[in-house]
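Written out below as structure tokens is the structure these notes cover.
The values are calculated or read from the model by the stated rules, or taken from the named source; none is laboratory data. Please read all numbers here as calculations on a predicted model, not as lab measurements. Please note: Cβ atoms are built from the backbone with ideal geometry, for glycine as well, and neighbour counts cover all protein chains shown.
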Amino acid sequence: MIKQTRLVGIGVVAATALMIAGCGTTSSPTAAPKPLAVVNGQAITESDWQVAVAATNLLQGVTLPTGASAKKQQVKELASEIAVEQWALKHHLITETKAHQEATQFLDENVALALGGTTAMQSTLKHYHLTTATLTNFLTQQMVLQAAFAQETAKVPAVSASTAKAYYDAHPSQFQTPAQVLVRHILVKQKSLAESILAQVEADHGANFAALAKKYSIDTGTKDKGGSLGWVDTGAASGFVQPFYEEMDKLKPGQFGIAHSQFGYHVIEVEAEKPATLEPFSSVESQIEQQLTQNQKYQQFQTFSNGIVKTAHVRYNL
């Protein structure tokens, strides 16, 4: 299974926002016949919104909804971010030239690298209906937002160790390593064969399991490894089909069972188990302090952004 990698490093604003600003600062109300919104005279066009959605999907490894209600909310967020960008540029927190330079550097040193090089990046951009220019423009706005975020949250104090400990104590499930089992199986098509194999492995306490897996299993990925699936989480977190993990979860180390799935009949053995464990506070203290401090910064920046939007002239055409 291919997992999509989320690109990180743009900055704390980009890493958490549902929708990031993608409109160019040189747009005008006449850039499109029917702009979706206008912020202090700057239009947010249908094309601007589409670029913002596509770029966010690419950089954050998500798929944003694009229905009418989602679009309305995203345009409102874009309008808020445009207002903040205008304020940041007006107050000389960063210049457009500097922001563009930082965006270009990030594109070259992070995005292209994460996507497998310039050629691979161009292919990915095409898939998302983006170009180097539109993505660079999007990232330029990220850098302006980041400059505003940095200034407005500079005085937010770091969270104390006692606050971090209180959070740790109140949310133990967030710091648990899940229970795991060491499991192996033999997959066959016929129920009668599965029952015969089960009888054999139970009689021999599993000593012949690997040999039987090699002889009978139709799972080509595990038959030559004694049927081993390695250490896996219990329950649905194992990634296995439901009939398999339900039977697996019933078994104790040294026990055997049969599960029937769409793939056939699985003769299962749980060889060992590891209980869920709680990570010690000392190993996660720094992580908690950083995250809680960052959360406070986000709240501070949101309050600041709301104040900017209240003074902006925003018109929606949704």
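Screening Glu273 against (1) within 30 Å of Asp204 (Cβ to Cβ); (2) among the acidic types (Asp, Glu); (3) in a helix (DSSP H, G or I) leaves a single unmet condition, (3).
Residue-wise test of (1) without any contact (Cβ under 8 Å) to a residue 60 or more places away in the chain; (2) within 30 Å of Ala207 (Cα to Cα); (3) among the charged types (D, E, K, R).
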| residue | (1), (2), (3) |
| --- | --- |
| Thr104 | yes, no, no |
| Leu107 | yes, no, no |
| Met121 | yes, no, no |
| Gln176 | no, no, no |
| Val188 | no, yes, no |
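A single member of Ala133, Ala99, Ala114 is modelled with pLDDT under 95 and closer than 16 Å to Ala55 by Cβ, and it is Ala114. Of all the numbered requirements in (1) outside the structural domain of Asn306 (by TED's automatic domain parsing); (2) farther than 30 Å from Tyr298 by Cβ; (3) modelled with pLDDT of 95 or more; (4) loosely packed, with under 14 Cβ neighbours inside 10 Å, Glu247 misses one, and that requirement is (4). Applying the set (1) more than 30 Å from Gln74 (Cα to Cα); (2) surrounded by 13 or more Cβ atoms within 10 Å (Cβ to Cβ) to Val314 leaves exactly one unmet item: (1).
Taking every residue in the stretch 192-219 that is over 13 Å from Gly264 (Cα atoms) and pairing it with any residue that is assigned to a helix (DSSP H, G or I) and among the charged types (D, E, K, R), at least 6 positions away or on another chain, the pairs with Cβ-Cβ distances below 6 Å are Ala213/Lys223; Lys214/Lys223. Listed by position, the helices (runs of 4 or more DSSP H) inside the stretch 119-234 whose residues that are closer than 30 Å to Glu81 by Cα number at least 1 are 132-152.
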